[in-house]
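Rule-based calculations on the coordinates, nothing more; no lab input. Remember, it's a predicted structure, so these values are computed and weren't measured experimentally. Because the Cβ atoms are built from the backbone with ideal geometry, glycine has one as well, and the counts that use them run over all protein chains shown.
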Amino acid sequence: MLAGDEGLTEAAKDLNQDDSWTVAGRTFKSRLIIGTGKYRDYAQNAAAAEAAGVEIVTVAVRRVNLSDPSQPRLTDYVDPKRYTYLPNTAGCFTAEDALRTLRLAREAGGWSLVKLEVLSDQKTLYPDMIETLEATKVLVKEGFDVMVYCTDDPVFARRLEDAGACAIMPLGAPIGSGLGIQNPVNIRLIVEAARVPVLVDAGVGTASEAAIAMELGCDGVLMNTAIAEAKDPIRMARAMKHAVLAGRDAYLAGRMGRKRYADPSSPLAGLI
Amino acid sequence: MIIYLNGEEHQIEAGTSLTTLVSGLVADPRGVAIERNRMIVMKSQWDQTILADGDQLEFVQFVGGG
């Protein structure tokens, strides 16, 4: 029995059971991952992470600002002891650049859980899957735990998994577009076939779209712009927390069947 | 002598170690990773790494990103 369960029905206790997920041997309660880009400042970023209830944040690897050492540092606001830093390869357009970035990330942070993304062009930021698959193979060989940003192609998802990816992260829509889950059928196909966690990464614009990702059976959702560019990022962060929980519960609960016509909820018998 | 640090020319004394260079530039070197001529130099190697003329160095760290 969990703390605070006294006096609850068995069914209610059941709902309080732990619904954690595990990636590369690390277990997390929150199924929401947020980025740390585009916020007004790191303080707002930290407040959003708090409101979103996340345990993982993505971070980028960039040159140290040597000309102005007084610049604020992410680590002073978003504590790496509290949050798992997931280094990404945003801005990398070749496997080679991505490998270089993640090797530096491992040296900077001392951990091996990383997010790989190899992009094709600036306009779409669509993943280059040939480069992505090649980089995945090399990183796995070098001992990295690789969560992979990818297209919503179920065949490539399987190839990535076969190459040793520890999580498959298909886009819902282009990065930063906020267009929502454009291809729910493919996301569902990927989820059904995968033996590793699947997270929708990119494309979510508002809370209902995060819920849709979870209702499709995803293990989690990763987002940045939807929160950072909301008028009130802190409130949107909280909305996303609730949406992910609601979508997850709806997936576990199993939705009703769709019917062509009405079906009254009150009994027909005993009508006056 | 001249080295290239994060893409910029930088004047240092001959015989300077990586540790000396870092301590003069970075207040808190935790979380900083260094590449020298495209090879990562682990923190444990900074002391014994003596810089050479024309070295290309990259100092990187984690920043906000999506």
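What the table shows:
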| quantity | calculated |
| --- | --- |
| Among (1) under 16 Å from the mean Cα position of the chain (by Cα); (2) under 26 Å from residue A:50 (Cβ atoms) - the single one residue A:250 does not satisfy | (1) |
| Close pairs from segment A:211-227: first surrounded by fewer than 24 Cβ atoms within 10 Å (Cβ to Cβ), partner part of a strand (DSSP E or B), Cβ under 7 Å, at least 6 apart | A:219/A:21; A:219/A:198; A:219/A:199 |
| Set A:26, A:31, A:40: member being in contact with a helix residue (DSSP H, G or I) (Cβ under 9 Å, 6 or more places away or on another chain) and away from chain B (no Cβ under 14 Å) | A:31 |
| Hey, residue A:207 more than 27 Å from residue A:134 (Cα to Cα) and among the hydrophobic types (A, V, I, L, M, F, W, C) or not | yes |
| Selection from segment A:152-183 of residues that are closer than 30 Å to residue A:25 by Cβ, in contact (Cβ under 8 Å) with a residue 24 or more places away in the chain and either surrounded by fewer than 19 Cβ atoms within 10 Å (Cβ to Cβ) or of a type in the set (D, E, K, R) (or both) | A:152, A:153, A:158, A:159, A:161, A:164 |
| Residue within segment A:64-71 that is crowded, with 21+ Cβ neighbours inside 10 Å, more than 14 Å from chain B (Cβ to nearest Cβ) and among the aliphatic types (A, V, I, L, M) present | no |
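Residue-by-condition table, conditions (1) touching a helix residue (DSSP H, G or I) at 6+ places or on another chain (Cβ under 6 Å); (2) within 14 Å of another protein chain (Cβ to nearest Cβ):
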{"position": "A:198", "(1), (2)": "yes, no"}
{"position": "A:209", "(1), (2)": "no, no"}
{"position": "A:212", "(1), (2)": "no, no"}
{"position": "A:223", "(1), (2)": "no, yes"}
{"position": "A:244", "(1), (2)": "yes, no"}
{"position": "A:252", "(1), (2)": "no, no"}
{"position": "A:265", "(1), (2)": "no, no"}
{"position": "A:269", "(1), (2)": "no, no"}
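Each row is one residue, and each column tells you yes or no for (1) surrounded by 17 or more Cβ atoms within 10 Å (Cβ to Cβ); (2) in contact with a Pro (Cβ under 7 Å, 6 or more places away or on another chain).
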{"site": "A:92", "(1), (2)": "yes, no"}
{"site": "A:100", "(1), (2)": "yes, no"}
{"site": "A:104", "(1), (2)": "yes, no"}
{"site": "A:126", "(1), (2)": "no, yes"}
{"site": "A:185", "(1), (2)": "no, no"}
{"site": "A:190", "(1), (2)": "yes, yes"}
